[in-house]
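Report on the following structure.
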Amino acid sequence: MRIRVFGGLTEQVGGHHIEVDVPADGSMTVADLRAAVAAAHPHLAPLLRRVSVAVDLEVARGDALVPPDAEVALLPPVAGGAGTNEPDRTVITGLVRPPIDVEGALARLAAPANGATAMFLGTVRDHAPGIAGVVRLDYSAYEPMAERELARIAEQQLEAHPSVTGIAALHALGELEVGAHTVLIAAASAHRDAAFAACRDTLEAVKDRVPVFKREVTTDGTARWVGLEPDDAAEVAANLAGPANSQKEERG
């Protein structure tokens, strides 16, 4: 089986795919697949606890079966388009190349009945936890899955917050220098409480579930993938002893 890899895993394997042997009868589970990956690519074993498995664009649990013809992807920790309109409700979601059109998105959310629009605008800063001198962030994504998950999150938030009239969830891809905008989350409603709540809930869902991956680049040219920082020695030894299956696979 050919398995797609993303983010920092591409550097670990030297490409965008790996291959593992799988049974032809469709009896392999996600847990079995993890074990097969660890056996075929031992250098990935210490990372697998932080890696989710997507099967046909859905993050899958350990006991889920993996059909032999499925599209399978290994997703490292996430960093964090088109719009559709329902009557009186607006959804704007997608992956975009910078700059994000903030004013355009807010204009599309505007409506005569709205008294509040709450917005979160992510911005590249010049430092990160444990490092200084950040000059750029590189964002990549499992694009078809990310697009679908952004749209799904927006629809779920409209259902969870009935008084909200519109949701925007846009994430930038590519190389973003300090000061560039990385993500736009906005929610519009008649009243501020609903707008604030929907904005925060949408942001947290995007950060938790959308397969977008972040690489931090510093002034001296070094880089690291967020979520794939080296483990301490004890943790590495524990993971090398056998792939863990208790990862946070169910981000959704």
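For the range 1-113, which fully contained helices (runs of 4 or more DSSP H) count at least 3 residues that are buried (at least 16 other Cβ atoms within 10 Å of the Cβ) and in the same structural domain as E177 (by TED's automatic domain parsing)?
102-109
Quick one: in the range 137-151, of everything that is part of a helix (DSSP H, G or I) and touching a strand residue (DSSP E or B) at 6+ places or on another chain (Cβ under 7 Å), which residue is surrounded by the fewest Cβ atoms within 10 Å (Cβ to Cβ)?
It comes out as E143.
Could you pull out the residue among A186, A169 that is touching a Cys at 6+ places or on another chain (Cβ under 8 Å) and modelled with pLDDT of 95 or more? Show your work before the answer.
Working: A169 fails: touching a Cys at 6+ places or on another chain (Cβ under 8 Å).
Step by step, each of A186, A169 is checked, and only A186 is touching a Cys at 6+ places or on another chain (Cβ under 8 Å) and modelled with pLDDT of 95 or more.
Being in contact with a Pro (Cβ under 8 Å, 6 or more places away or on another chain) and in the same structural domain as A113 (by TED's automatic domain parsing) narrows it down to one residue among A132, A146, A154; which is it?
Exactly one residue qualifies, and that residue is A146.
Out of curiosity, is A154 touching a Ser or Thr at 6+ places or on another chain (Cβ under 9 Å), surrounded by 15 or more Cβ atoms within 10 Å (Cβ to Cβ), within 15 Å of V210 (Cα to Cα) and small (G, A, S)?
yes
With respect to G221, determine if the residue is part of a loop (DSSP other than H, G, I, E, B), out of contact with any helix residue (DSSP H, G or I) (no Cβ under 9 Å at 6 or more places or on another chain) and at pLDDT 95 or above.
Judged against the criteria, G221 is not a match.
Name the residues in the range 184-200 that are over 11 Å from G166 (Cβ atoms) and more than 19 Å from the chain's Cα centre (by Cα), would you?
Scanning the range 184-200 gives A190, H191, R192, D193, A194, F196, A197.
How many residues are more than 27 Å from V135 (Cβ to Cβ) and either part of a strand (DSSP E or B) or hydrophobic (A, V, I, L, M, F, W, C) (or both) if we restrict to the range 170-211?
Count: 12.
Could you tell me which of the residues A190, A197 is of a type in the set (A, V, I, L, M), surrounded by fewer than 22 Cβ atoms within 10 Å (Cβ to Cβ) and out of contact with any Ser or Thr (no Cβ under 7 Å at 6 or more places or on another chain)?
Result of the check over A190, A197: A197.
Test R200 against the criterion of being more than 19 Å from G8 (Cβ to Cβ) and at pLDDT 95 or above, and give yes or no.
In short, yes.
Select from the range 31-47 the residues that are in contact with a Leu (Cβ under 8 Å, 6 or more places away or on another chain) and among the aliphatic types (A, V, I, L, M) and list them in ascending order.
Restricting attention to the range 31-47, the residues satisfying the condition of being in contact with a Leu (Cβ under 8 Å, 6 or more places away or on another chain) are 34, 37-38, 42, 44-47.
Those that are in contact with a Leu (Cβ under 8 Å, 6 or more places away or on another chain) and among the aliphatic types (A, V, I, L, M): V37, A38, L44, A45, L47.
Among the polar types (S, T, N, Q) and either in contact with an Asp or Glu (Cβ under 9 Å, 6 or more places away or on another chain) or buried (at least 16 other Cβ atoms within 10 Å of the Cβ) (or both): does that describe T123?
The answer is no for T123.
The values are calculated or read from the model by the stated rules, or taken from the named source; none is laboratory data. Owing to the predicted nature of the structure, the values given are computational and were not obtained by experimental measurement. Reconstructed Cβ throughout: ideal geometry from the backbone, glycine too, with neighbour counts over all protein chains shown.
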